[in-house]
2 protein chains.
Amino acid sequence: MKETSSERPNSQESAEYFELLRFPTVGTDPLHLKDCVQCAMWLKTWLEGIGAEARLLLPEGGGLSATPPVVFGERKGDEGMPTILFYGHYDVQPPDPLDEWLTPPFEPTEKEGRIYCRGAQDDKGQFFAFLCGMRAFFASHQGSLPTVKFLLDGQEESGSEGMARIAADMNDRLRADVLLVCDTSAAADLRPAIIAGLRGVTHFTVLLNAAESDLHSGRYGGIVPNAAQGMAELMASLHNPDGSIAVRGFCDGIVPPTDEELAAAETAAMSDGDYAKETGVEPVGGEHGLSVTMRNSFRPTIEVNGIHSGYGGPGSKTVIPCSALAKLSMRFVPGQNPSTCMALVERHLRQHTPKGMKLRIEAMTGEAPAMRLPLKSPVFRLAADVLGEIDPRGAVFQWDGASIPIVSTLARVSGAAPLLVGFGQGEDRIHSPNESFSWRQFMLSRRWAAGMLAALCG
Amino acid sequence: MKETSSERPNSQESAEYFELLRFPTVGTDPLHLKDCVQCAMWLKTWLEGIGAEARLLLPEGGGLSATPPVVFGERKGDEGMPTILFYGHYDVQPPDPLDEWLTPPFEPTEKEGRIYCRGAQDDKGQFFAFLCGMRAFFASHQGSLPTVKFLLDGQEESGSEGMARIAADMNDRLRADVLLVCDTSAAADLRPAIIAGLRGVTHFTVLLNAAESDLHSGRYGGIVPNAAQGMAELMASLHNPDGSIAVRGFCDGIVPPTDEELAAAETAAMSDGDYAKETGVEPVGGEHGLSVTMRNSFRPTIEVNGIHSGYGGPGSKTVIPCSALAKLSMRFVPGQNPSTCMALVERHLRQHTPKGMKLRIEAMTGEAPAMRLPLKSPVFRLAADVLGEIDPRGAVFQWDGASIPIVSTLARVSGAAPLLVGFGQGEDRIHSPNESFSWRQFMLSRRWAAGMLAALCG
């Protein structure tokens, strides 16, 4: 959509933002580890520039060399002022499918008030706009200042395992009153939203093996089992015809939303028509007979993120594929234990593995449970006031279908009240080709940061 | 298996064979059209070298530039002698997956009496050994000679469409008494086999589209339909839990084998144990409760040759794939009409297309019906005598689960009796990485050619 607002960051802010975007920080891909380290160094220097002590942290023990560092910074404030823990992540999703990008995925390109680049929004754009707001606040604020601790993760898109271990080690050093996270979406038409819940997530890879090699579909057709067909049957077995999850026990113990939560969620919800416009397809995924809000905010999912088996090139190749790979992710809601659910899914997959085939489950990451926050908390009331000044429509509550696995860990370790407010929109296409972020969103995030810090000092 | 026989072709024959193998003639891939044309020129020159008039043929009209030529040659014989039409194909299957090759796929490499190369057997090795046998026969035979017409196809692996159109145009020019084809397998332990039946084949590609782009599996999970999951469900819907084909009407009208045919087929059959040794997997594909011979020789199949959708790289990518592709092939038996079956499958796929998704069916090729030949034909009796001299065990009859789509067309146009005898073995791994052919097989094919030509002159 064409951006009419003429508001935009100053030249220093936009130049720094573009520098930050140019680092191809695909945290999940070892080939990009160097880019992640360089980006982390850049952020360390930036934080020092606003008066913070900063350094790069790597988890104790195993696999350091393969782990993007966490950038930790602390800007000491005045006695008796609150302590704020700010979390963001500089890693991004892989850019592929590359051929669907209209501009280079790691070269920020401005068009009609929007910046196109992998990470333009998720999360470099959102957290950097927030940092710019903080810097402005520190520069202009009269009177006592809060202490701010910064944690910039390099593995959020792949489970934040390093961050989790570091948080456990740092323990008290992360103590804070409020945990601020700027990595979520606003409601329709950029109406501000306070996140009252997040789904949990676990990812894993399924491998199926049959014959020793691909075999001729004529000579062996009807004889040798087909791994592509087997994987199709295995993936199809995960859901019932009504779209519900078919894994026995997976949904046991789910805590449904209260009437107040459901009502609040539905008021902030997009219409089915808006979803169709935004995505190009009718919103008919998930369980039949439930609203989109219910399905996305308060029900779990098992998604196939990819399937690859056999021939996919030009023309035809009459083989019986000998192996197949599938990548999956699960989203959890309160009442579900991720490791229990993973065990149930593994049992289901083993029970449904077609005759003659070998199943392997690999690369399991995440195991993050869902989070649901009390609507009546004081920090929510404070945030609602600040957001009410930014937007006369006032803030709504949302229960995000996405996950920020590390948030519940950080909340526990820091003892802080989580406050997740972000300004994402569906049109930003995060995780997709041509991801973008508008100056209008950037400025909202910037204003939100300054306003909330002021409110916490008031 | 280690080859003990010291027999091998003479140096000229093996040198020519290696030259022929080095052309990467992937007929289905436009990028290899030039290689196909160069290989065809080489074959034309070779045929002229044995006294044939030869030229390259392209079908009239459409898509010439994209079609590998057919090599046609004719070597005039004496009055009153029979006319033989010989068919082989110089195109090969794509070599991928490339990383599974132990030697370069288009550089013939000899190890323990076996030659490793794409096309070493299918069909370059088989037809070229036969051509060498013919050349030897012409050089040594006293007395009248038959007329031999040569047709070397460049598109057999992808449906022989050009060949079919050329055959229709040439019509009477292809008239012959016997149609000789050397592109099939011998029975276990290289016992000679006469092919009494072939399955038909059709290939096609299925494309499924949902959203406009891949979308975040958290923000849209439970809302947007998943094309990878949809394709899995679509492919799974093609078969019943007992392995039988679930497409309504697909198996109607199938002509079962006679008791004599079934008995003959079972005598030549490999054991389940041998199949397990050969392929590395239990032979549990296809319909439950039928023997491997019944499933492979006398029942149809629908095989998924490949499925590709979404992310398959390192780590994880939490997307809902917006599109999915599947490549399929169907094998037919007598009584099935390929275009009727294709229409039934298309109807089935449309009926089972998940809500919200768009289905496209593309790249349909083949439409070749099955073939079954009468066991009592005189040419079969003649062949049985020749093969009895080559191997004291004598020949068996086989009904090949594979397809040579063009054979029934050529039989009809030429009026000739088809005679398919080849010396392939499972260990040759045709269509797979590390395809190979042994000098022992090469020499059997060579001797068979010379012997059968002599018998036809006798």
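The values are calculated or read from the model by the stated rules, or taken from the named source; none is laboratory data. Values in this document were obtained by computation on a predicted structure and should not be read as measured data. Cβ sites come from the backbone with ideal geometry, for glycine too, and all protein chains shown count toward neighbours. For accessibility, only protein heavy atoms count, side chains too; no ligands or nucleic acids. Shrake-Rupley method; radii C 1.70, N 1.55, O 1.52, S 1.80 Å.
Looking at (1) touching an Asp or Glu at 6+ places or on another chain (Cβ under 8 Å); (2) modelled with pLDDT of 95 or more; (3) farther than 15 Å from residue A:371 by Cβ, which is the only condition residue A:165 fails?
(2)
Could you identify the single residue in B:190, B:234, B:215, B:151 that is out of contact with any Cys (no Cβ under 6 Å at 6 or more places or on another chain) and surrounded by fewer than 23 Cβ atoms within 10 Å (Cβ to Cβ)?
The match here is B:190.
Among the candidates A:322, A:341, which residue alone is over 21 Å from the mean Cα position of the chain (by Cα) and open to solvent by less than 30 Å² (accessible area, probe 1.4 Å)?
Of the residues listed, the single one that is over 21 Å from the mean Cα position of the chain (by Cα) and open to solvent by less than 30 Å² (accessible area, probe 1.4 Å) is A:322.
Can you work out which of the residues in region B:172-210 that are within 28 Å of residue A:316 (Cβ to Cβ) and over 18 Å from the mean Cα position of the chain (by Cα) is farthest from the other protein chains (Cβ to nearest Cβ)?
Filtering region B:172-210 for residues that are within 28 Å of residue A:316 (Cβ to Cβ) and over 18 Å from the mean Cα position of the chain (by Cα), the one farthest from the other protein chains (Cβ to nearest Cβ) comes out as B:174.
Might you let me know whether region A:97-105 holds any residue that is within 26 Å of residue A:50 (Cα to Cα), in the same structural domain as residue A:20 (by TED's automatic domain parsing) and of a type in the set (Val, Ile, Thr)? Walk me through it before giving the result.
Filtering region A:97-105 for residues within 26 Å of residue A:50 (Cα to Cα) gives none.
No, that holds for no residue.
Applying the selection to region B:276-294, what residues are in contact (Cβ under 8 Å) with a residue 24 or more places away in the chain and within 11 Å of chain A (Cβ to nearest Cβ)? Walk me through it before giving the result.
Step one: of region B:276-294, the residues in contact (Cβ under 8 Å) with a residue 24 or more places away in the chain are B:278-279, B:285-289, B:291, B:293-294.
Correct list: B:278, B:279, B:285, B:286, B:287, B:288, B:291, B:293, B:294.
Residue-wise test of (1) more than 22 Å from the chain's Cα centre (by Cα); (2) of a type in the set (Gly, Ala, Ser); (3) surrounded by 17 or more Cβ atoms within 10 Å (Cβ to Cβ); (4) modelled with pLDDT of 95 or more.
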| position | (1), (2), (3), (4) |
| --- | --- |
| A:50 | yes, no, yes, yes |
| A:62 | yes, yes, no, no |
| A:66 | no, yes, no, no |
| A:71 | no, no, yes, yes |
| A:76 | yes, no, no, yes |
| A:88 | no, yes, yes, yes |
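Looking at region A:344-359, can you tell me whether even one residue there is among the basic types (Lys, Arg), away from every other protein chain (no Cβ under 14 Å) and assigned to a strand (DSSP E or B)? Reasoning before the result, please.
If we filter region A:344-359 for residues that are among the basic types (Lys, Arg), which is where we start, we get A:347, A:350, A:355, A:358.
Those still in the list that are away from every other protein chain (no Cβ under 14 Å) too: A:347, A:350.
Then keep just the ones that are assigned to a strand (DSSP E or B); that gives none.
For region A:344-359, residues among the basic types (Lys, Arg), away from every other protein chain (no Cβ under 14 Å) and assigned to a strand (DSSP E or B): absent.
Here are the criteria: (1) out of contact with any Ser or Thr (no Cβ under 9 Å at 6 or more places or on another chain); (2) at positive phi. Tell me which single one residue B:80 does not satisfy.
(1)
Listed here are the residues, each with its yes/no results for (1) within 30 Å of residue B:279 (Cβ to Cβ); (2) in a helix (DSSP H, G or I); (3) out of contact with any Phe, Trp or Tyr (no Cβ under 8 Å at 6 or more places or on another chain).
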| position | (1), (2), (3) |
| --- | --- |
| B:12 | no, yes, yes |
| B:16 | no, yes, no |
| B:19 | no, yes, no |
| B:44 | no, yes, yes |
| B:59 | no, no, yes |
| B:104 | yes, no, yes |
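Select from region B:266-286 the residues that are more than 15 Å from residue A:211 (Cβ to Cβ) and open to solvent by less than 20 Å² (accessible area, probe 1.4 Å) and list them in ascending order.
Selection gives B:268 alone.
Has region A:256-265 got at least one residue that is open to solvent by 30 Å² or more (accessible area, probe 1.4 Å) and either touching a helix residue (DSSP H, G or I) at 6+ places or on another chain (Cβ under 9 Å) or under 30 Å from residue A:218 (Cβ atoms) (or both)?
To start, the set of residues in region A:256-265 that are open to solvent by 30 Å² or more (accessible area, probe 1.4 Å) comprises A:256, A:258-260, A:262-263.
Still in the running and either touching a helix residue (DSSP H, G or I) at 6+ places or on another chain (Cβ under 9 Å) or under 30 Å from residue A:218 (Cβ atoms) (or both): A:256, A:262.
Yes, there is a match, as at least one residue in region A:256-265 is open to solvent by 30 Å² or more (accessible area, probe 1.4 Å) and either touching a helix residue (DSSP H, G or I) at 6+ places or on another chain (Cβ under 9 Å) or under 30 Å from residue A:218 (Cβ atoms) (or both).
Output yes when any residue across region A:436-457 is part of a loop (DSSP other than H, G, I, E, B), of a type outside the set (Phe, Trp, Tyr) and open to solvent by less than 30 Å² (accessible area, probe 1.4 Å), and no when none is.
Pass one, region A:436-457, residues part of a loop (DSSP other than H, G, I, E, B): none.
No, there is no match, as no residue in region A:436-457 is part of a loop (DSSP other than H, G, I, E, B), of a type outside the set (Phe, Trp, Tyr) and open to solvent by less than 30 Å² (accessible area, probe 1.4 Å).
Considering region A:1-48 alone, what residues qualify as being open to solvent by less than 20 Å² (accessible area, probe 1.4 Å), under 21 Å from the mean Cα position of the chain (by Cα) and modelled with pLDDT of 95 or more?
The answer is A:17, A:20, A:21, A:25, A:26, A:36, A:39, A:40, A:43.
Restricting the search to region A:310-333, which residues are touching a residue at least 60 places away in the same chain (Cβ under 8 Å) and either more than 7 Å from chain B (Cβ to nearest Cβ) or of a type in the set (S, T, N, Q) (or both)?
If the condition is that a residue be touching a residue at least 60 places away in the same chain (Cβ under 8 Å) and either more than 7 Å from chain B (Cβ to nearest Cβ) or of a type in the set (S, T, N, Q) (or both), then A:318, A:322, A:323, A:324, A:326, A:328, A:329, A:330, A:332, A:333 are the ones that fit.
Kindly provide the set of residues from region A:397-444 that are within 11 Å of chain B (Cβ to nearest Cβ), more than 19 Å from residue A:293 (Cβ to Cβ) and under 15 Å from the mean Cα position of the chain (by Cα), ordered by number.
Residues satisfying the conditions are A:404, A:405, A:428, A:429, A:430, A:431, A:432, A:435.
Just checking, how many residues over region B:232-268 are outside any loop (DSSP other than H, G, I, E, B) and without any contact (Cβ under 8 Å) to a residue 40 or more places away in the chain?
Here is the first cut: in region B:232-268, the residues outside any loop (DSSP other than H, G, I, E, B) are B:232-236, B:239, B:245, B:259-267.
This time we only want the ones that are without any contact (Cβ under 8 Å) to a residue 40 or more places away in the chain, so: B:236, B:259, B:262-263, B:266.
Residues flagged as outside any loop (DSSP other than H, G, I, E, B) and without any contact (Cβ under 8 Å) to a residue 40 or more places away in the chain within region B:232-268 amount to 5.
Test of understanding: among B:226, B:240, which residue is under 22 Å from residue A:244 (Cα atoms) and either under 26 Å from the mean Cα position of the chain (by Cα) or surrounded by fewer than 16 Cβ atoms within 10 Å (Cβ to Cβ) (or both)?
The unique qualifying residue is B:240.
Taking only region B:375-404 into account, find how many residues are open to solvent by less than 20 Å² (accessible area, probe 1.4 Å) and under 14 Å from residue B:199 (Cα atoms).
5
Could you grab me the full set of residues in region A:106-139 that are part of a loop (DSSP other than H, G, I, E, B), out of contact with any Phe, Trp or Tyr (no Cβ under 8 Å at 6 or more places or on another chain) and surrounded by fewer than 20 Cβ atoms within 10 Å (Cβ to Cβ)?
A:107, A:112
Go through region A:411-435 and report how many residues are among the aliphatic types (A, V, I, L, M), crowded, with 24+ Cβ neighbours inside 10 Å and either in contact with a helix residue (DSSP H, G or I) (Cβ under 8 Å, 6 or more places away or on another chain) or at pLDDT 95 or above (or both).
Number satisfying all stated conditions: 2.
Under the condition of being over 22 Å from the mean Cα position of the chain (by Cα) and open to solvent by less than 30 Å² (accessible area, probe 1.4 Å), which residue from region B:357-374 is nearest to residue B:326 (Cα to Cα)? Walk me through how you get there before you give the answer.
Going through region B:357-374, the residues over 22 Å from the mean Cα position of the chain (by Cα) turn out to be B:357-361.
Now narrow it down to the ones that are open to solvent by less than 30 Å² (accessible area, probe 1.4 Å): B:357, B:359.
Details: B:357: 15, B:359: 11 Å.
So the residue we want is B:359.
Quick test of your reading of the structure: residue B:307 fulfils all but one of (1) open to solvent by 30 Å² or more (accessible area, probe 1.4 Å); (2) facing chain A (nearest Cβ under 9 Å); (3) part of a strand (DSSP E or B). Name the failing condition by number.
Among (1) open to solvent by 30 Å² or more (accessible area, probe 1.4 Å); (2) facing chain A (nearest Cβ under 9 Å); (3) part of a strand (DSSP E or B), residue B:307 violates only (1).
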